[in-house]
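The block underneath contains the structure these notes are about, expressed in structure tokens.
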There are 2 protein chains.
Amino acid sequence: MEFNLSDYLSRRKELVDKKLLEYLLKSKNDLSKLHESMIYSVMAGGKRLRPLLCIASCEVLGDEIEKALPVACAIEMIHTYSLIHDDLPSMDDDLLRRGKPTNHSVYGEALAILAGDALLTDAFYFIVDEGISSGLKSSLLVEVIKDIANASGSRGMVGGQAIDLSLEGSKEVTIEMSERVHSLKTGALIEVSVMTGAKIGGANSKELYQLNSYSKALGLAFQIVDDVLDIEGGGEIGKNRGGDARNKKATYPSLIGLENAKRMAEQLTKDAVDALRTFGSEAAPLREIANYLGGRAY
Amino acid sequence: MEFNLSDYLSRRKELVDKKLLEYLLKSKNDLSKLHESMIYSVMAGGKRLRPLLCIASCEVLGDEIEKALPVACAIEMIHTYSLIHDDLPSMDDDLLRRGKPTNHSVYGEALAILAGDALLTDAFYFIVDEGISSGLKSSLLVEVIKDIANASGSRGMVGGQAIDLSLEGSKEVTIEMSERVHSLKTGALIEVSVMTGAKIGGANSKELYQLNSYSKALGLAFQIVDDVLDIEGGGEIGKNRGGDARNKKATYPSLIGLENAKRMAEQLTKDAVDALRTFGSEAAPLREIANYLGGRAY
């Protein structure tokens, strides 16, 4: 039977959405709009790329998807917090995200900052609480927590965002500097989504190596495609187009030209798919996710 | 030999300061001022109350203080992040903290938000990385991570801050609402400092219960003393005096009167010390920390 990506994605997405909403509603109290604001952004129609990669990576190894669900959801909470903080007036100052008003434009700056802080913190609570209920061992949980915190903190995503800010408006951004920013800011969380899924699935060292190659190629391809779509536009993004140029950000198209950027995305997508060649039909989700994401740009 | 609190505090503080600085310098890169900004706030002369409580609580049980150090430092990183975000223009809009310019007035709002985000995230990395090096078991680490994330997230510190914001300027704040805000916003992290130290020290259920009573009384006493000092002033605080009244915050003195607030702090301090009565001389640090903190108000 042929693999149907859109069917696969919508079934997995439903699991993630349900789990996330369940947790947020359970934690809610009536004394502030904090949880309302958290729910607003978490349920704002994200594609759930990172949790889907985490689940699909666990599936490649043949393990139950339920085991990957706690970590998958926690990564989405961290991703959502980063979007809320990125959109703040003192950061990118964006009013729209996925076609909807950004968190701070609905709930105000203070509550948006707190909603981000809470999602980030609660993600670690969630991993332990749900991870133990799902039968994950403590030794695996601490490894996964370390990986995720490393990928999201000062030497990962936040570090990349800080470098990006410091380079803004600078005319001396090289392609190496841009790659470093992207690999920290976007790549690190995508990679850790794949790698934690693989660890939960019990991957051996060869499998970890292959999935690491896949995730690195995919992470970079994803960023380049995003840069391309920021110029060419794409219905599903729902952001104000041309935001990067407006904020004078160094992007792949601005550094190597639009056509070269598209070719680079295409090659990286092939590299990602190629890294999966020794896996069987269980790798169909990861393979088709890469083809789908890369294919948006060319 | 009589217990010398000031000597004890300065020796323990030195351990914490050294460990924190070591970690932050190790993580630094030269492409942005992120780590400089993190170091600025972490090393801005805090009293290290929370890490000292964590260490002292572990010592009560007779365990090595080095074992508590990773968690103690991580809690201080979380405390520091919360101060950086609290001081932001959209929150309390404070320009001074401990007599020095606040993070955002030195590094700008965007980098201050990111420094806070990074300290919060890195705290979880640090617990696992340093905790494993110090020989803490995975099962203990996941329990401690869950406790700390619960105390700091949407059902703890951030939740309290959100409720506090929503009540600001409101005339209908009851003493119960104020207690709830304080217990979440300040109490939760103080309590978890004591309780994680106790768990690391191997406390049994009776000891956990006693230390929980101590930490609850201490946490509330601490908040009331802070409210009192915001009116009466105290050299070591170094904040702009009267900030609570300026921001129209409900405080204990504004709700029950200054003298009643002082008496309440005194009683809570006695309760805290009383909870330690079955412990021997090992409890001297916890006892004297409570007497010292409470004593500042009366």
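The values are calculated or read from the model by the stated rules, or taken from the named source; none is laboratory data. Just so you know, these numbers come straight off a predicted model, no measurement behind them. Neighbour counts are summed over all protein chains in view; Cβ atoms, including those assigned to glycine, are modelled from backbone coordinates with ideal geometry.
Counting only residues that are in contact (Cβ under 8 Å) with a residue 12 or more places away in the chain, surrounded by fewer than 23 Cβ atoms within 10 Å (Cβ to Cβ) and either among the charged types (D, E, K, R) or in contact with a helix residue (DSSP H, G or I) (Cβ under 7 Å, 6 or more places away or on another chain) (or both), how many does region B:202-216 have?
Total meeting the criteria: 5.
For region B:103-121, check the following and say yes or no: at least one residue is surrounded by 21 or more Cβ atoms within 10 Å (Cβ to Cβ) and among the charged types (D, E, K, R).
Taking every residue of region B:103-121 in turn, at least one turns out to be surrounded by 21 or more Cβ atoms within 10 Å (Cβ to Cβ) and among the charged types (D, E, K, R).
Restricting attention to region A:225-269, report how many residues are at pLDDT 80 or above and either within 17 Å of residue A:92 (Cα to Cα) or assigned to a helix (DSSP H, G or I) (or both).
So the first thing to find is which residues in region A:225-269 are at pLDDT 80 or above, and the list is A:225-232, A:251-269.
Still in the list and also either within 17 Å of residue A:92 (Cα to Cα) or assigned to a helix (DSSP H, G or I) (or both): A:225-232, A:251-256, A:258-269.
Residues meeting the conditions: 26.
Within 14 Å of chain A (Cβ to nearest Cβ), assigned to a helix (DSSP H, G or I) and touching a residue at least 24 places away in the same chain (Cβ under 8 Å): does that describe residue B:52? Break it down into steps so the answer makes sense when it comes.
Numbers: within 14 Å of chain A (Cβ to nearest Cβ): no; assigned to a helix (DSSP H, G or I): yes; touching a residue at least 24 places away in the same chain (Cβ under 8 Å): yes.
No.
Taking the condition of being among the small types (Gly, Ala, Ser) and farther than 23 Å from residue B:124 by Cβ, how many residues in region A:47-94 meet it? Before the answer, list the steps.
The initial filter retains those residues of region A:47-94 that are among the small types (Gly, Ala, Ser), namely A:56-57, A:62, A:68, A:72, A:74, A:82, A:90.
Now narrow it down to the ones that are farther than 23 Å from residue B:124 by Cβ: A:56, A:62, A:90.
Adding up the residues that qualify gives 3.
Of all residues in region B:101-146, how many are touching a Gly at 6+ places or on another chain (Cβ under 8 Å) and of a type in the set (Lys, Arg)?
Final tally of qualifying residues: 0.
Give the residue that is farthest from the chain's Cα centre (by Cα), with candidates limited to residues of region A:24-49 that are of a type in the set (Ser, Thr, Tyr) and at the interface with another protein chain (Cβ under 10 Å from one of its Cβ atoms).
Top of the filtered list is A:32.
Can we say residue B:190 is within 10 Å of chain A (Cβ to nearest Cβ) and either buried (at least 24 other Cβ atoms within 10 Å of the Cβ) or assigned to a helix (DSSP H, G or I) (or both)?
Criteria not met by residue B:190.
Select from region A:147-182 the residues that are of a type in the set (S, T, N, Q) and modelled with pLDDT of 90 or more and write down the one among them that is nearest to residue B:27 (Cα to Cα).
So the residue we want is A:154.
So in region A:158-169, with the set limited to residues that are free of Cβ contacts under 8 Å to residues at least 40 places away in the same chain and not β-branched (Val, Ile, Thr), which one is farthest from residue A:81 (Cα to Cα)?
If we take residues in region A:158-169 being free of Cβ contacts under 8 Å to residues at least 40 places away in the same chain and not β-branched (Val, Ile, Thr), then A:166 is farthest from residue A:81 (Cα to Cα).
Just to be sure, is residue A:107 more than 20 Å from residue A:125 (Cα to Cα) and aromatic (Phe, Trp, Tyr)?
Spelling it out, residue A:107 is indeed more than 20 Å from residue A:125 (Cα to Cα) and aromatic (Phe, Trp, Tyr).
A quick yes/no check of all residues on (1) within 17 Å of residue B:34 (Cβ to Cβ); (2) in contact (Cβ under 8 Å) with a residue 24 or more places away in the chain:
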residue: B:74; (1), (2): no, yes
residue: B:77; (1), (2): yes, yes
residue: B:88; (1), (2): yes, yes
residue: B:91; (1), (2): no, yes
residue: B:94; (1), (2): no, yes
residue: B:104; (1), (2): yes, no
residue: B:107; (1), (2): yes, yes
residue: B:112; (1), (2): yes, yes
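Does region B:26-33 include one or more residues that are modelled with pLDDT of 95 or more, part of a helix (DSSP H, G or I) and either of a type in the set (A, V, I, L, M) or more than 21 Å from residue A:120 (Cα to Cα) (or both)?
The answer is no, given that none of the residues of region B:26-33 is modelled with pLDDT of 95 or more, part of a helix (DSSP H, G or I) and either of a type in the set (A, V, I, L, M) or more than 21 Å from residue A:120 (Cα to Cα) (or both).
Might you check whether a residue that is of a type in the set (Lys, Arg) and under 22 Å from residue B:261 (Cβ atoms) occurs anywhere in region B:211-226? Explain how you work it out, then say what you get.
The first filter runs over region B:211-226 and keeps only residues of a type in the set (Lys, Arg), leaving B:216.
From the residues that got through so far, the ones that are under 22 Å from residue B:261 (Cβ atoms) too are B:216.
Within region B:211-226 (the criterion being of a type in the set (Lys, Arg) and under 22 Å from residue B:261 (Cβ atoms)), the answer is yes, since at least one residue qualifies.
Can residue B:185 be described as in a loop (DSSP other than H, G, I, E, B), of a type outside the set (Phe, Trp, Tyr) and more than 8 Å from chain A (Cβ to nearest Cβ)?
Judged against the criteria, residue B:185 is not a match.
Would you check if there is a residue in region A:128-139 being of a type in the set (Asp, Glu) and modelled with pLDDT of 95 or more?
Within region A:128-139 (the criterion being of a type in the set (Asp, Glu) and modelled with pLDDT of 95 or more), the answer is yes, since at least one residue qualifies.
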